[in-house]
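Structure record follows, encoded as C-alpha coordinates.
The values are calculated or read from the model by the stated rules, or taken from the named source; none is laboratory data. Fair warning: this is a prediction, and the values are worked out from it, not measured in the lab. Counting neighbours? That spans all protein chains shown, and the Cβs are built from the backbone with ideal geometry, glycine included.
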Amino acid sequence: QFQEKIITYQQFSENPSVIDDPNLVVKIGNKYYNWSTAAPVMLAMQVYQKPLPQVLTASY
(Lines give C-alpha, C1' and ligand atoms only; values in the text may rest on other atoms or scores of the structure.)
Protein backbone atom coordinates (compact mmCIF):
# COMPACT_ATOMS: atom_id res chain seq x y z
CA GLN A 1 0.00 0.00 0.00
CA PHE A 2 2.84 2.43 0.84
CA GLN A 3 4.62 1.68 -2.46
CA GLU A 4 1.43 2.26 -4.46
CA LYS A 5 1.16 5.89 -3.35
CA ILE A 6 4.77 7.03 -3.33
CA ILE A 7 5.10 10.69 -4.28
CA THR A 8 7.80 11.33 -6.85
CA TYR A 9 10.12 14.33 -6.77
CA GLN A 10 8.30 15.65 -9.84
CA GLN A 11 4.91 15.44 -8.06
CA PHE A 12 6.31 17.05 -4.93
CA SER A 13 8.00 19.87 -6.83
CA GLU A 14 4.75 20.61 -8.66
CA ASN A 15 2.63 20.44 -5.50
CA PRO A 16 4.60 20.85 -2.24
CA SER A 17 1.34 21.30 -0.34
CA VAL A 18 1.07 17.51 -0.38
CA ILE A 19 2.67 17.71 3.08
CA ASP A 20 -0.63 19.13 4.33
CA ASP A 21 -2.46 15.90 3.47
CA PRO A 22 -3.52 14.31 6.79
CA ASN A 23 -3.02 10.86 5.21
CA LEU A 24 0.63 11.52 4.39
CA VAL A 25 2.98 8.82 5.68
CA VAL A 26 6.75 9.28 5.58
CA LYS A 27 9.17 6.36 5.66
CA ILE A 28 12.48 7.02 7.41
CA GLY A 29 14.68 3.95 7.46
CA ASN A 30 12.34 1.07 8.24
CA LYS A 31 9.83 3.13 10.22
CA TYR A 32 6.71 4.95 9.13
CA TYR A 33 5.69 8.33 10.56
CA ASN A 34 2.98 10.90 10.04
CA TRP A 35 4.27 14.29 8.90
CA SER A 36 4.05 15.96 12.31
CA THR A 37 6.51 13.36 13.63
CA ALA A 38 8.67 13.03 10.52
CA ALA A 39 9.25 16.77 10.07
CA PRO A 40 11.34 17.34 13.23
CA VAL A 41 13.22 14.06 12.65
CA MET A 42 14.16 15.15 9.13
CA LEU A 43 14.93 18.72 10.18
CA ALA A 44 17.32 17.54 12.92
CA MET A 45 19.18 15.36 10.44
CA GLN A 46 19.34 18.09 7.78
CA VAL A 47 20.35 20.97 10.06
CA TYR A 48 22.39 19.24 12.77
CA GLN A 49 23.40 15.96 11.08
CA LYS A 50 22.19 14.23 14.25
CA PRO A 51 19.08 12.18 14.93
CA LEU A 52 16.61 13.17 17.59
CA PRO A 53 16.62 10.85 20.60
CA GLN A 54 14.07 8.06 20.15
CA VAL A 55 12.34 9.16 23.34
CA LEU A 56 11.46 12.46 21.67
CA THR A 57 10.23 10.88 18.44
CA ALA A 58 8.02 8.50 20.40
CA SER A 59 6.28 11.44 22.05
CA TYR A 60 5.15 12.99 18.75
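Residues of segment 22-53 that are of a type in the set (Ser, Thr, Tyr) and within 17 Å of LYS5 (Cβ to Cβ): TYR32, TYR33.
Taking the chain and the helices (runs of 4 or more DSSP H) fully enclosed by it, the elements with 1 or more residues that are modelled with pLDDT under 90, of a type in the set (A, V, I, L, M, F, W, C) and exposed (fewer than 11 other Cβ atoms within 10 Å of the Cβ) are at 54-58.
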